[in-house]
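Notes follow once the structure below has been shown.
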Amino acid sequence: MLKQKQQQLQKLNEDMDTLCACALKKTALNTVVGKGSANAKIMFIGEAPGKKEDEKGEPFIGAAGKFLSELLATIDLKREDIYITNVVKYRPPNNRDPLPQEVTDCWFWLQKQINFIDPILIIPLGRYALERFVPGRKISEDHGKAFRRDMDGIGRRVFYALYHPAAALYNGSLRDTLIVDFARIPKIIKAIEEDINNNQK
């Protein structure tokens, strides 16, 4: 069953890559669609692919990706247990911030991924991803907080704000902050599942 769903997700990503009108497609070496389980309970969403991701076509494989894997291990998770992607599927030149139009052009694709995988928790990594899902919040104030809100196209979802792992590479003090915030994820998952079970009774 999982194998079939995994294949369907791959087909969805291939179709969306063909349809996506994002201008970044012209300058990127590879599309970085995302990676992980099609049955993931947790979906991590970053901002955009970087240089290494663009070269290999995989998300979070540089130093920040290594730190993310270490963080996952602290709560007994592996990459295969989660799904990870970005708001924008193509690398912006020189790692500049994605333009609003580029984010808009990739949004329908991200909606499709979220609805197909149907995670119970979405974790935006960093301020740009957080702004996409929970506008008007500051990552410095709202990291480690969960938000439940309705969004057009993806329905009612729970979002948990985290610093981007890359931020900890530039600011060592954020490393401990990320570890502490990560440690809360299992409790949040448990609370959401209990809520779901109670609503089904």
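Filter the stretch 33-56 down to residues that are outside any loop (DSSP other than H, G, I, E, B) and aliphatic (A, V, I, L, M) and give me whichever is farthest from ILE82 (Cα to Cα).
Ranking the qualifying residues of the stretch 33-56, first place goes to ILE45.
Quick one: which residue in ARG148, ARG157, ARG132 is over 18 Å from ILE192 (Cβ atoms) and either outside any helix (DSSP H, G or I) or at pLDDT below 95 (or both)?
ARG132
Confirm whether GLY36 is crowded, with 20+ Cβ neighbours inside 10 Å and within 26 Å of GLN7 (Cα to Cα).
Numbers: crowded, with 20+ Cβ neighbours inside 10 Å: yes; within 26 Å of GLN7 (Cα to Cα): yes.
Answer is yes for this residue.
Inside the stretch 56-114, can you point out the residues that are of a type in the set (S, T, N, Q), free of Cβ contacts under 8 Å to residues at least 60 places away in the same chain and surrounded by 14 or more Cβ atoms within 10 Å (Cβ to Cβ)?
If the condition is that a residue be of a type in the set (S, T, N, Q), free of Cβ contacts under 8 Å to residues at least 60 places away in the same chain and surrounded by 14 or more Cβ atoms within 10 Å (Cβ to Cβ), then SER69, THR85, ASN86, GLN111 are the ones that fit.
Being crowded, with 20+ Cβ neighbours inside 10 Å, touching a residue at least 60 places away in the same chain (Cβ under 8 Å) and assigned to a loop (DSSP other than H, G, I, E, B) is the filter here; which residues of the stretch 21-32 pass it?
CYS22, ALA28
If you scan the stretch 135-145, which residues turn out to be under 16 Å from ILE179 (Cα atoms) and either in contact with a Cys (Cβ under 7 Å, 6 or more places away or on another chain) or not in a loop (DSSP other than H, G, I, E, B) (or both)? It would help to see each step written out before you state the result.
Residues of the stretch 135-145 that are under 16 Å from ILE179 (Cα atoms), as a first pass: 139-140, 142-145.
Selection gives ILE139, SER140, ASP142.
Filter the stretch 115-136 down to the residues that are without any contact (Cβ under 8 Å) to a residue 60 or more places away in the chain and in contact with a helix residue (DSSP H, G or I) (Cβ under 6 Å, 6 or more places away or on another chain) and list them by number.
ARG127, LEU130 - these are the residues of the stretch 115-136 that are without any contact (Cβ under 8 Å) to a residue 60 or more places away in the chain and in contact with a helix residue (DSSP H, G or I) (Cβ under 6 Å, 6 or more places away or on another chain).
Could you tell me which numbered condition GLY172 fails, if it satisfies all but one of (1) out of contact with any Lys or Arg (no Cβ under 8 Å at 6 or more places or on another chain); (2) small (Gly, Ala, Ser); (3) modelled with pLDDT of 95 or more?
The failed condition is (3).
On the given criteria, is ILE42 in contact (Cβ under 8 Å) with a residue 12 or more places away in the chain and surrounded by fewer than 23 Cβ atoms within 10 Å (Cβ to Cβ)?
When the stated conditions are applied, ILE42 does not pass them.
Only one of ILE114, ILE84, ILE122 is farther than 18 Å from GLY50 by Cα and either among the aromatic types (Phe, Trp, Tyr) or not in a helix (DSSP H, G or I) (or both); which?
ILE122
I'm trying to understand the selection: among the residues of the stretch 99-126, which are touching a strand residue (DSSP E or B) at 6+ places or on another chain (Cβ under 9 Å) and over 23 Å from LYS41 (Cβ atoms)?
Within the stretch 99-126, just CYS106 meets the criteria.
State whether the residues of the stretch 183-199 include one that is among the small types (Gly, Ala, Ser), in a helix (DSSP H, G or I) and surrounded by 19 or more Cβ atoms within 10 Å (Cβ to Cβ).
no
Pull up the stretch 74-108, narrow it to residues that are among the aromatic types (Phe, Trp, Tyr) and under 13 Å from the mean Cα position of the chain (by Cα), then point me to the one that is nearest to THR27 (Cα to Cα).
Filtering the stretch 74-108 for residues that are among the aromatic types (Phe, Trp, Tyr) and under 13 Å from the mean Cα position of the chain (by Cα), the one nearest to THR27 (Cα to Cα) comes out as TRP107.
The values are calculated or read from the model by the stated rules, or taken from the named source; none is laboratory data. These figures come from a predicted structure and were not determined experimentally. Please note: Cβ atoms are built from the backbone with ideal geometry, for glycine as well, and neighbour counts cover all protein chains shown.
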